[in-house]
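Asker: Can you keep this structure in mind? I'll have questions shortly.
The values are calculated or read from the model by the stated rules, or taken from the named source; none is laboratory data. Because the structure is predicted, anything quoted here is derived from the model rather than measured. Here the Cβ positions follow ideal geometry from the backbone for every residue, glycine too, while neighbour counts run over all protein chains shown. Each accessible area value is taken on the protein alone, full model and side chains, heavy atoms only, with ligands, DNA and RNA left out. Shrake-Rupley method; radii C 1.70, N 1.55, O 1.52, S 1.80 Å.
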Amino acid sequence: MKTRILELRKAKGMTQQELADKVGASRQTINALEQGRYNPSLVLACRIARTLGKEHVEDVFDVE
Amino acid sequence: MIGKPAWFARRKYSGWGLTPATWEGWAYIILMVLPLAFFQAMPYWTPQVRLAVTGVWALLLLVDVIDIMLRLRMDEREKLHEAIAERNAAWYMVVVLAIGLGYDMMMNAATEKIYVNPFIAAALFGAVLVKAATNIYLDKKN
């Protein structure tokens, strides 16, 4: 799965730890998501999208 | 209770339990484990008093560690990783226990005795029950 988490997080000036704390995940999980090594649950995907200022999950995650 | 989950991380690479993640975690280990050695060196305590005090302290430590482990939060990826690691460990233990049971039975068959180690049998039978109960619970939950 491709994601835009890294790009959107940097645009917001957030660190991985700050994003992790806001969505209730660990920093390692955010790193795995940014690298495309982990597919999140729908709940986590929605939380990340909202935290990064996107209304739709598809704006952040792209299922190939 | 005494320890805080933020001081520890779940042990991943060296067995089960907790590992200190902050200096408070190390301080907790020292302050909670050192008294166990201190109790053994008390010169005027009778063996009964020593055993009782050590037992109560060890029980307090065990209950507190279980409490910390139950309150330690994991995100979905960490839960998934732990579940897969625990499953692999469980499978390894089942295979070794089953081999042990078979070996015991073969050795005893040579002497024309039927003997099954009750602990190995209880571990295998108990594991079957725990797995069934877990699946019933999970099927109802989601």
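Asker: Of the residues that make up the stretch A:8-27, is at least one hydroxyl-bearing (Ser, Thr, Tyr) and within 13 Å of chain B (Cβ to nearest Cβ)?
Answerer: yes
Asker: Here is a check on your reading of the model: is B:Tyr92 more than 25 Å from B:Pro5 (Cβ to Cβ) and outside any loop (DSSP other than H, G, I, E, B)?
Answerer: Details: more than 25 Å from B:Pro5 (Cβ to Cβ): yes; outside any loop (DSSP other than H, G, I, E, B): yes.
Yes, satisfied.
Asker: Across the stretch B:53-97, what is the total count of residues that are open to solvent by 70 Å² or more (accessible area, probe 1.4 Å) and within 14 Å of chain A (Cβ to nearest Cβ)?
Answerer: So the answer is 5.
Asker: Also: List pairs: first residue in the stretch B:113-134 and polar (S, T, N, Q), second residue surrounded by 10 or more Cβ atoms within 10 Å (Cβ to Cβ) anywhere in the structure, Cβ distance under 7 angstrom, at least six positions apart or on different chains.
Answerer: Filtered contacts from the stretch B:113-134: B:Asn117/B:Leu101; B:Asn117/B:Asp104.
Asker: Whether any residue in the stretch B:103-112 is on the phi > 0 side of the Ramachandran plot, exposed (fewer than 10 other Cβ atoms within 10 Å of the Cβ) and either in a helix (DSSP H, G or I) or away from chain A (no Cβ under 14 Å) (or both) is what I want to check.
Answerer: Taking every residue of the stretch B:103-112 in turn, at least one turns out to be on the phi > 0 side of the Ramachandran plot, exposed (fewer than 10 other Cβ atoms within 10 Å of the Cβ) and either in a helix (DSSP H, G or I) or away from chain A (no Cβ under 14 Å) (or both).
Asker: Ok, one more. Scan the stretch B:1-34 for residues that are among the hydrophobic types (A, V, I, L, M, F, W, C), within 13 Å of B:Met69 (Cα to Cα) and open to solvent by less than 100 Å² (accessible area, probe 1.4 Å) and report the count.
Answerer: Taking the stretch B:1-34 and keeping what is among the hydrophobic types (A, V, I, L, M, F, W, C), we get B:1-2, B:6-9, B:16, B:18, B:21, B:23, B:26-27, B:29-34.
In the following step, the residues that additionally are within 13 Å of B:Met69 (Cα to Cα) were identified as B:1-2, B:6-9, B:16, B:18.
With open to solvent by less than 100 Å² (accessible area, probe 1.4 Å) added as a condition, the list becomes B:2, B:6-9, B:18.
Residues that pass the stated criteria total 6.
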